[in-house]
Amino acid sequence: MEREIDYDIVVIGCGVAGTAAALSAAETAKNEGKDLKVAILERADYDHRGGNSRWTASYMRMKNLDEVADNFVEDMLAFSDHYSDRKYIETLAENAGSTLRWVEEKGVQFDYLPTMFLTSSKPRLLPVGGGRAIVDTLSRRAAGLGVEIIYEATAWKLLLDEAAAVNGLMVRVKGGASLKLKVGAVIMGAGGFQGNQEMMAQYVGRDAHKIRTVAEGGLFNKGEAIRMAMSIGAKTAGQFDAFHAEPVDPRSKREEAAVMTYPYFILVDQNGKRFVDEGKTTIDEQYEEVARKIFYDLPGHIAYMIGDQKMYEIPHYERAVETDKPAISADTLEELAGKIGVHVEQLMATVKEYNAAIQPGEFYWDKKDGKKAVGITPPKSNWAIPIDKAPYIAYPIVCSNVFTNGGLATDTNGRVLSQDDDAIPGLYAVGETAGLYYGKYPGGTSVLRGLVFGRRAGQHAVSYISKANKLEV
Ligand SMILES: Cc1cc2nc3c(=O)[nH]c(=O)nc-3n(C[C@H](O)[C@H](O)[C@H](O)COP(=O)(O)OP(=O)(O)OC[C@H]3O[C@@H](n4cnc5c(N)ncnc54)[C@H](O)[C@@H]3O)c2cc1C
């Protein structure tokens with residue numbers, strides 16, 4: 001009998017999670033001698049596909065290609081205050097190495113490339129060419145196995161059979177027409193909801209529309225997958241009112257316009273006052289907290305790094321300044337304050353007080369040096385060196401949204417769970433669409449988990465379809 005199906009497996013989204021899922025499904029089917037029709041639906045056109053994955057350098061918390069960084073599971077759990085799912089994280093750790101080897105086998109190279117973190121607590125492995133190299137390589141391999149990639153096609157509604165298993169998908173194509181696809185299973189790798197101002201306001205709250213995405217790719221992630229699944233009874237996971245935050249220069253339009261040299265100097269608000277211990281710990285472990293403080297605590301949601309010519313003496317400082325806009329500079333602090341619109345007398349008083357509070361000790365730019373500034377509020381724990389070498393410099397800094405934390409609850413095969421913790425038949429969520437993070441983001445884990453669970457969901461979807469005997473109607 002003719003199969004009444006358009007696609008056996010439809011993957012929503014062409015990022016790292018979606019491409020890993022599609023390739024893994026196609027490869028599994030091929031290895032098992034099954035003739036399955038697999039497609040990726042992507043809302044963007046070819047040139048903009050890949051959401052966040054397209055823009056990330058893709059740091060990975062890996063000791064080497066086969067092993068995750070030391071204390072990986074316990075750190076991830078501790079950062080979440082133990083709200084994250086232990087089994088999910090253990091599965092991530094166990095499968096990270098083999099998944100990266102799989103990605104390598106497809107043609108992506110990995111190396112310990114220079115990063116923007118001049119001080120770091122954990123190693124960061126990178127794919128050469130960043131997330132885009134992963135998307136390009138995995139999608140090319142998937143296409144080679146017959147996976148269709150359909151651009152400018154936005155999934156907006158899931159359809160169910162009588163037993164409430166997913167068996168269809170509504171898809172709006174460019175121009176506005178909507179198609180109804182008959183499908184065997186749906187794997188949603190459609191990112192978070194950072195590109196949806198209404199959801200940002202609903203979950204993150206007041207002024208959330210003022211938080212820019214860290215790169216334009218996030219604007220394609222509008223939360224439909226999360227909503228579609230919630231409307232059929234899916235459970236959620238991850239902290240819905242939080243997002244991974246990064247401090248960036250608001251003047252710059254480039255992706256990840258980070259300013260990560262502030263630990264060597266001070267940060268002030270528009271009133272010229274310090275508000276944070278800029279040298280609390282290594283930059284990789286503290287920039288998120290600083291970015292969040294800027295958004296939640298400061299007038300105008302903006303801060304300024306105030307420094308001097310010593311920034312240019314710090315080896316590799318340029319790696320930590322990813323903005324393409326030059327520092328604002330002036331021969332005097334008064335002039336600098338005027339240029340950036342910060343309270344002049346207060347800024348001068350803050351710098352004077354900070355310089356006077358600096359304790360003796362050796363300055364090391366590349367490790368926590370314990371060179372403190374004490375007796376001021378807040379104190380500074382490391383890298384306290386005087387700001388006195390004119391011309392003085394400033395960078396404006398705002399909080400950006402790298403990705404949202406709230407998503408769908410899944411098991412370790414990526415199956416979306418119902419509110420009663422049963423897998424919803426035929427529905428998977430991977431990457432940002434699956435909720436995982438609470439509290440502080442454990443850097444270098446988002447791409448990794450997109451790949452690991454994307455691959456696992458692809459494999460599982462093939463076995464699901466086979467078991468449900470969807471091949472022989
Ligand atoms: C600048 C930057 C730096 C980062 N740095 C790191 C890092 O160093 N390490 C790390 O681990 N993570 C990092 N991240 C985060 C990481 O890149 C992402 O979390 C990860 O790539 C997400 O992958 P994904 O496949 O889940 O989603 P995405 O890559 O965002 O892909 C989602 C795709 O789904 C498509 N889509 C959305 N909705 C629909 C729909 N309804 N129908 C059809 N298609 C849809 C989108 O167009 C997009 O192509 C960074 C992110 C950015 C932007």
Residue in the range 41-52 that is assigned to a loop (DSSP other than H, G, I, E, B) and closer than 15 Å to residue 455 by Cα present: no
Subset tally (residues that are more than 10 Å from the ligand (Cβ to nearest atom) and either farther than 30 Å from residue 128 by Cβ or buried (at least 24 other Cβ atoms within 10 Å of the Cβ) (or both)) for the range 438-447: 2
Test: residue in the range 402-423 that is in contact with a strand residue (DSSP E or B) (Cβ under 6 Å, 6 or more places away or on another chain), within 16 Å of the ligand (Cβ to nearest atom) and more than 27 Å from residue 234 (Cα to Cα): no
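Quick one: which helices (runs of 4 or more DSSP H) sit completely within the range 292-362 and have at least 2 residues that are more than 19 Å from residue 116 (Cβ to Cβ)? Write out each step before concluding.
On the way: elements: 317-320, 333-340, 344-357.
Because the criterion is at least 2 residues that are more than 19 Å from residue 116 (Cβ to Cβ), the helices (runs of 4 or more DSSP H) in the range 292-362 that meet it are 333-340, 344-357.
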Residue in the range 22-50 that is surrounded by the fewest Cβ atoms within 10 Å (Cβ to Cβ), counting only those that are under 21 Å from residue 181 (Cβ atoms) and within 9 Å of the ligand (Cβ to nearest atom): 44
Hits in the range 171-185 - residues which are at pLDDT 95 or above and away from the ligand (no atom under 11 Å from the Cβ): 180, 181, 182, 183, 184, 185
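Okay, residues lined up against (1) over 21 Å from residue 133 (Cβ atoms); (2) touching a residue at least 60 places away in the same chain (Cβ under 8 Å):
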residue	(1), (2)
18	no, yes
42	no, yes
47	no, no
63	yes, yes
70	yes, no
85	yes, yes
97	no, no
Identity of the residue in the range 206-226, in contact with a strand residue (DSSP E or B) (Cβ under 6 Å, 6 or more places away or on another chain) and outside any helix (DSSP H, G or I), that ends up nearest to the ligand (Cβ to nearest atom): 214
Selection count where residues are out of contact with any strand residue (DSSP E or B) (no Cβ under 9 Å at 6 or more places or on another chain) and outside any loop (DSSP other than H, G, I, E, B), scope the range 95-124: 7
Test: residue 262 is in the same structural domain as residue 326 (by TED's automatic domain parsing) and either within 12 Å of the ligand (Cβ to nearest atom) or crowded, with 19+ Cβ neighbours inside 10 Å (or both): yes
Residue 283, sole failed condition from (1) assigned by TED's automatic domain parsing to the domain that holds residue 325; (2) more than 16 Å from the ligand (Cβ to nearest atom): (2)
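Does any residue of the range 9-21 turn out to be assigned to a strand (DSSP E or B), over 18 Å from residue 447 (Cα atoms) and within 15 Å of the ligand (Cβ to nearest atom)? Lay out the reasoning, then the answer.
Of the residues in the range 9-21, the ones assigned to a strand (DSSP E or B) are 9-12.
Within this subset, residues satisfying the condition of being over 18 Å from residue 447 (Cα atoms) are 9-10.
Keeping just the survivors that are within 15 Å of the ligand (Cβ to nearest atom) gives 9-10.
There is at least one residue in the range 9-21 that is assigned to a strand (DSSP E or B), over 18 Å from residue 447 (Cα atoms) and within 15 Å of the ligand (Cβ to nearest atom).
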Tabulated pairs, the range 374-398, first without any contact (Cβ under 8 Å) to a residue 40 or more places away in the chain, second small (Gly, Ala, Ser), C-beta under 6 angstrom, 6+ apart or interchain: 374/357; 375/357
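Matching residues to (1) under 26 Å from residue 315 (Cα atoms); (2) surrounded by 24 or more Cβ atoms within 10 Å (Cβ to Cβ); (3) modelled with pLDDT of 95 or more:
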site: 360; (1), (2), (3): yes, no, yes
site: 364; (1), (2), (3): yes, no, yes
site: 370; (1), (2), (3): yes, no, yes
site: 407; (1), (2), (3): no, yes, yes
site: 419; (1), (2), (3): no, no, yes
site: 427; (1), (2), (3): no, yes, yes
site: 431; (1), (2), (3): no, yes, yes
Boolean, residue 229 is more than 8 Å from the ligand (Cβ to nearest atom), outside any strand (DSSP E or B) and crowded, with 19+ Cβ neighbours inside 10 Å: yes
Pair list, Cβ under 7 Å, 6 or more apart: the range 439-459 residue in the same structural domain as residue 185 (by TED's automatic domain parsing), other residue assigned to a loop (DSSP other than H, G, I, E, B) and of a type in the set (Phe, Trp, Tyr): 443/59; 444/59
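Of all residues in the range 55-71, which are more than 7 Å from the ligand (Cβ to nearest atom) and not small (Gly, Ala, Ser)? First the steps, then the outcome.
So in the range 55-71, the residues more than 7 Å from the ligand (Cβ to nearest atom) come out as 61-71.
Correct list: 61, 62, 63, 64, 65, 66, 67, 68, 70, 71.
Going by what's in this entry, would residue 438 be described as assigned to a loop (DSSP other than H, G, I, E, B) and under 24 Å from the mean Cα position of the chain (by Cα)? Even if it seems obvious, please write down each step before you answer.
Numbers: assigned to a loop (DSSP other than H, G, I, E, B): yes; under 24 Å from the mean Cα position of the chain (by Cα): yes.
Yes; evaluated as a whole, the condition is true for this residue.
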Meets criteria (in the same structural domain as residue 419 (by TED's automatic domain parsing), under 21 Å from residue 38 (Cα atoms) and modelled with pLDDT of 95 or more) for residue 219: no
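The values are calculated or read from the model by the stated rules, or taken from the named source; none is laboratory data. None of these values were measured; they are calculated from a predicted model. For neighbour counting, all protein chains shown are included, and Cβ atoms are generated from backbone atoms with ideal geometry for every residue, glycine included.
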